[in-house]
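Trainee: First the structure, then my questions, so here it is.
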Amino acid sequence: MLYRATSRRKGSPHKRLNADTLRKISAAMLPFYKAIATRRAFAVQWSRAVVQGNLDRMKSLLCSVAPFAAKQGLGTNGIGYFISFLAHPPMLYYTNGTTIPPGTVQFTFEPRVHRAIAKAVFPLYRELARNPCFASAFAKAINRQDQRAVHVMIRSLIPSSALKSVQIEDDGFALLFKYPFSKYPYRNLLFREFT
């Protein structure tokens with residue numbers, strides 16, 4: 001079951017991903033990913049709140065490290081979390097988050113894996129936030145469904161062998177990670193909301 005602080009909204013079919021949207025979301029998420037990667041106690045508290053579906057606790061934790069991200073839509077399904085950003089008023093939303101693929105397990109979200117993923121993806125989100133040329137090229141590659149270009153750009157910043165696949169998905173991307181110390185794969189996602 002998905003618990004959300006705000007309802008999902010239908011996006012306009014005519015909008016495309018742009019560099020400004022990527023930069024805004026990445027800049028908002030960077031402090032959160034840094035906190036997860038570098039602060040074990042914070043990561044443990046976050047995982048506990050995700051598994052319990054405790055949106056109030058998640059919002060409080062997020063606000064303490066990434067206030068702008070905390071003002072967005074927030075959700076959990078007990079195996080991951082989703083933070084939704086308004087990209088183009090009034091109806092287009094993009095969501096960033098990390099989750100175990102649905103149907104794999106219930107009420108599990110491992111802090112150790114989440115910390116490893118946060119550390120791995122940090123350089124990608126930092127580059128998207130700080131490099132307008134990279135963000136523009138990345139958005140264009142996604143919009144033209146250039147899987148090879150997206151793969152090369154992401155792999156150049158995430159060399160981890162735990163990154164098993166890179167996919168263009170829902171006008172965004174999906175990164176599949178599998179670590180040897182966990183039974184479960186995890187996905188780091190940035191996607192457009194269509195429902």
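Trainee: Between a first residue in region 106-124 that is in contact (Cβ under 8 Å) with a residue 12 or more places away in the chain and a second residue that is open to solvent by 30 Å² or more (accessible area, probe 1.4 Å), which pairs have beta carbons less than 6 Å apart while being 6 or more apart in sequence or on different chains?
Mentor: Here the result reads F107/V51; F109/V51; P111/V44; A120/S160; P123/L157; L124/L157, each pair linking region 106-124 to a residue that is open to solvent by 30 Å² or more (accessible area, probe 1.4 Å).
Trainee: Counting just the residues of region 163-195 that are hydrophobic (A, V, I, L, M, F, W, C) and touching a Pro at 6+ places or on another chain (Cβ under 8 Å), which one comes out surrounded by the most Cβ atoms within 10 Å (Cβ to Cβ)? Lay out the reasoning, then the answer.
Mentor: Let us first name the residues in region 163-195 that are hydrophobic (A, V, I, L, M, F, W, C), namely 163, 166, 168, 173-177, 181, 189-191, 194.
Still in the running and touching a Pro at 6+ places or on another chain (Cβ under 8 Å): 176-177.
Values: L176: 16, F177: 23.
It comes out as F177.
Trainee: Condition first: polar (S, T, N, Q) and either touching a residue at least 60 places away in the same chain (Cβ under 8 Å) or closer than 13 Å to F173 by Cβ (or both). Now tell me which residues in region 125-156 satisfy that.
Mentor: We begin by selecting, within region 125-156, every residue polar (S, T, N, Q); these are 131, 136, 143, 145, 147, 156.
If the condition is that a residue be polar (S, T, N, Q) and either touching a residue at least 60 places away in the same chain (Cβ under 8 Å) or closer than 13 Å to F173 by Cβ (or both), then S136, N143, Q145, Q147 are the ones that fit.
Trainee: Based on this model, can you work out whether L128 counts as of a type in the set (A, V, I, L, M, F, W, C), in contact with a helix residue (DSSP H, G or I) (Cβ under 7 Å, 6 or more places away or on another chain) and open to solvent by less than 50 Å² (accessible area, probe 1.4 Å)? Steps first, answer last, please.
Mentor: Working: of a type in the set (A, V, I, L, M, F, W, C): yes; in contact with a helix residue (DSSP H, G or I) (Cβ under 7 Å, 6 or more places away or on another chain): yes; open to solvent by less than 50 Å² (accessible area, probe 1.4 Å): yes.
So L128 fits the description; yes.
The values are calculated or read from the model by the stated rules, or taken from the named source; none is laboratory data. None of these values were measured; they are calculated from a predicted model. Every residue, glycine among them, receives a Cβ derived from its backbone with ideal geometry; neighbour counts consider all protein chains shown. For the accessible areas, the whole protein counts, side chains as well, though only heavy atoms, and no ligand, DNA or RNA atoms are used. Shrake-Rupley method; radii C 1.70, N 1.55, O 1.52, S 1.80 Å.
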